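The values are calculated or read from the model by the stated rules, or taken from the named source; none is laboratory data. Model, not experiment: these values are computed from the prediction. Reconstructed Cβ throughout: ideal geometry from the backbone, glycine too, with neighbour counts over all protein chains shown. These accessible areas exclude ligands, DNA and RNA; they are computed on the full protein's heavy atoms, side chains included. Shrake-Rupley method; radii C 1.70, N 1.55, O 1.52, S 1.80 Å.
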Amino acid sequence: MKKNIILFFLLFLSAAHTLAQDWLPMLEQLADDDEQIAAYEQAFDLLCDLEQHPLDVNTATREQWQQLPFLGSEDIDAICEYIDRHGPMKSLGELAMVGQLDYTKRQLLMYFVNIQSEQPTQRSFPSASNILKYGRHELMATARIPFYKRKGDDEGYLGYPYRHDLRYSFSYGQRFKVGLVGAQDAGEPFFANKNKMGYDFYSFYAVMNDIGRFKTIVLGRYRASFGMGLVVNNNLLLGKTWAVNSMGAARSNIRQHSSRSAANYLQGVAATVSIDKQTDLSAFLSYRDIDATLNDDGSMATIVTSGYHRTQSEMDKKNNSEQLAAGVNVTHARTYYYIGATATYTRFDRDLHPNTKTLYRRYQAYGRDFWNAGIHYGLLLGPLTLHGETATGDSKAIATINRLSWQVNNSFSLMLLQRFYGMKYTTILGNSFSDGGAVQNESGLYAGASWRPSRRFNIEGFADVAYHPWAKYQTSRSSHAYDFYTKLTYALRRNWLFSAHYRMRRRQRDDESHTQLLWRTEHRARIAASYQTDALDLRTQLDLAQTSFREKSRGWMLSQQASWNALPSTRLTGSIALFDTDDYDSRIYSYERSLRYDFSMPTYYGNGLRYMVMLRQQVGSRLTLNAKIGVTDYFDRSTIGTGYQLIQSSSICDLLLQIRWKI
């Protein structure tokens, strides 16, 4: 361990260079919800892509604006209204004139938008010769090399211990994109077993935008979302803390699946076409293989979404079932209102038969054929906006979600969000705002507020109350849940940013005898200070956690992150974190900067030290080299992990390498 620490500090103290400030320091201020790690990873992938292919402020459609997860519907309305009223923006500095946008959102926008034209987008599609002449190629390869051995590497895993992926994309602005992603998790076979074509997972896509009446056409693998997500949503769904920032925006769009995630996507064709100036029609058709755990009779017990195929047992589940899905959405929008309808049909090649004898699974989706239909609606009355959706399906149960927001002035906004999901309501493709992680068996009320009493000071928070009328996992009867959160941010002059947040969650759980419910209470707090200049980026953070159920568990982590910029072609970033928790219940989540398309939000528990150093080197205008080495030393154990993941050491070290070539 001493050798690792010495190596780290030698590298860190020799840091001489980093590129100019990027969007990660601002985005990580918003990543406070540790229950939404998968959603943050998806948002990170999307923003990495948008950074390379920014939106044109003056020609971007509402659907394209909705790709930015940190913008609410009111933010998008304000940007579009400004351009309609004052004409095309001459420079990005005009974003400061959009009063709805706070400082953080304006700064984030600078990385994902530009001004290419002051004229509306021409609907005629560019010629093939222009696409080939002016299009841009990008090729990226990433590998993770572990300097340790897991138990499964010797016995159990079918492949090598290295994780790697390959990405290729070709784009002509936002009008045309094609891409291919190949991904391999550590332990999965490469050009062997069922992976005869090399990588364990591939994603391929082609996207065309603004072709006559067609707003979007996607071929290959894609994601879709309509309304508030009760019927279909495998696109972004961020947590309650993001709902305060984006004011719970409803997002309807279709976009490519360019992530290495092997779950939660559709495969086939999807398109959105303008019937007239106020009406859009979207449709999709998908047919794909899925992983499933099978019952003895050949039916599906569960649909597996982990994407892991490391052991023979996991490999046997790979692509052992098939899913057909089709859907249609029509939306009619005027200046002050919109209304739309969505319908989907899903069919599996096997019956889905979960173990309904288990109480909390009693009303899970059951059968082979499923359908859902819903109506989504919105009313825009100046500072007041109403968005909602109501849906049903083959279960004949009802689900509804409704959001009312009030923009009192440019500095103060309020939001109320009500949802009722019947305990028998099921949806295969839907996903929406919830406390329990499913659009089923929940009713609740969420109240959020954001207040900027001055340009430097911001206060935001929410309170959420949920009731689950039927049993859930770890509860054998109806239960309640409460969630409270508040965050304060203060910007001191130009360089300093201070923030603090506190969150308390209370949920009921069964006692050991399953005869009564006990309260599980969780407290989490974070205090952070950031200092940024053109040459220096520092962030100091203290995380605290305490949980109370049958016993109390406490934990803390103190971390320091730093970057230094001296040359425009080289960046070196380092971080170090000391953590101490009683057990897993008081674990700490903390975002750690990593390579492009490699989101990192590790979990820390026990007693130990985490440190890493990351280098980025630009070679000319086309080639970028990235490297990151990270070490975690534990002081309270001699082994790490369990099962096939067992490591006979108290320390782990990983090296990440990445090369990117742009033409």
*Arrange the peptides 408-415, 138-145 so that the one whose residues have, on average, the most other Cβ atoms within 10 Å appears first.*
138-145, 408-415
*N319 label point, 7 Å along Cα→Cβ, cut-off 15 Å on backbone N: hits in the stretch 183-215?*
183-184, 189-204
*Rounded to the nearest 0.05, what FRET efficiency is calculated for Y337 and Q645 with R0 set to 51 Å and r the Cβ-Cβ distance?*
0.45
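What pairs from K90/K215; K215/K396; K133/K277; K240/K357 go past 27 Å between their alpha carbons?
K215/K396; K133/K277; K240/K357
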_At 222 nm, what value in deg cm²/dmol follows for the chain if DSSP H runs of at least 4 each add -39500 (n - 2.57) and the sum is divided by all its residues, to the nearest 500?_
-3000 deg cm²/dmol
*Please compute P(r) over all alpha-carbon pairs of the chain, binned at 10 Å starting from zero, and give each bin as a whole-number percent.*
3, 14, 25, 29, 22, 7, 1, 0
_Per residue, how large is the accessible surface of the stretch 505-663? Use a 1.4 angstrom probe and give square angstrom._
45
*Grab the Cα-Cα distance for K149 and R288, subtract it from 0.36 nm times how many residues apart they are, and report the gain in nm with one decimal.*
46.6 nm
_As a test of the definition: which semi-axes, in Å, follow for the stretch 569-662 when you take the square root of five times each eigenvalue of its alpha carbon gyration tensor? Largest first, please._
30, 14, 11
*Shape call, the stretch 455-498: gyration tensor on alpha carbons, a/c limit 1.5*: prolate
*Hull surface divided by four, with the convex hull built on the Cα atoms of the stretch 549-611: how many nm²?*
5.1
_Quick check for me: using +1 on Lys/Arg Cβ and -1 on Asp/Glu Cβ, what's the dipole size of the stretch 509-570 about its Cα centre, in debye to the nearest 20?_
140
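For a protection proxy built on the mean count of beta-carbon atoms within 10 angstrom, sort 187-197, 158-168, 255-265 highest first, please.
Highest-to-lowest ranking by the protection proxy: 255-265, 158-168, 187-197.
Which peptide among 527-536, 59-68, 599-608 comes first, and what is the full order, when sorted by highest mean count of other Cβ atoms within 10 Å?
Values: 527-536: 14.9, 59-68: 20.2, 599-608: 17.9.
Going from most to least packed, we get 59-68, 599-608, 527-536.
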*Could you order H501, H480 by accessible surface area, starting with the largest, using a probe radius of 1.4 Å?*
H480, H501
*Cα centroid distance between the stretch 252-330 and the stretch 134-201, in Å?*
20
*Counting Lys and Arg as +1 and Asp and Glu as -1, each charge on the Cβ, what is the dipole of the stretch 336-426 about the Cα centre in debye, to the nearest 20?*
380
*Could you calculate the FRET efficiency of D369 with A141 from 1/(1 + (r/R0)^6), where r is the beta carbon distance between them and R0 is 45 Å, rounded to 0.05?*
0.60
*Could you compute the FRET efficiency for V619 and E51, with r as their C-beta to C-beta distance and R0 at 25 Å, rounded to 0.05?*
0.80
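On a full-extension model of 0.36 nm per residue, what is the gain between A128 and H514, subtracting their alpha-carbon distance, rounded to one decimal in nm?
132.3 nm
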*How many percent of the alpha carbon pairs in the stretch 506-663 exceed a separation of 20 Å?*
61
*Which of the residue pairs K424/K472; K149/K628; K105/K487 have a Cα-Cα distance greater than 22 Å in the structure shown?*
none
*asked:* What is the distance in Å between the Cα centroid of the stretch 406-435 and that of the stretch 582-652?
replied: 35
*Provide Rg over Rh for the stretch 394-517; use the alpha carbon set for both Rg and the Kirkwood Rh (inverse mean inverse pair distance).*
1.10
*So for the pair L92, R554, with labels modelled 7 Å out along Cα→Cβ, what separation do we get in nm?*
4.5
*Anchor K318: aspartates and glutamates whose Cα lies under 16 Å away (excluding residues fewer than 8 positions away in-chain)*: D185, E188, D200, D289, D291, D349
*Between H480 and M110, how many nm apart are label points set 7 Å from Cα along the C-beta direction?*
4.7
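Once neighbouring chains are kept in place and the probe is 1.4 Å, which whole percent of the accessible area of the chain is contributed by carbon and sulfur?
C and S atoms contribute 58 percent here.
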*Per q in 0.11, 0.17, 0.24 1/Å, what log10 I(q)/I(0) does a Debye calculation on the alpha-carbon atoms of the stretch 85-179 return?*
-0.65, -0.94, -1.20
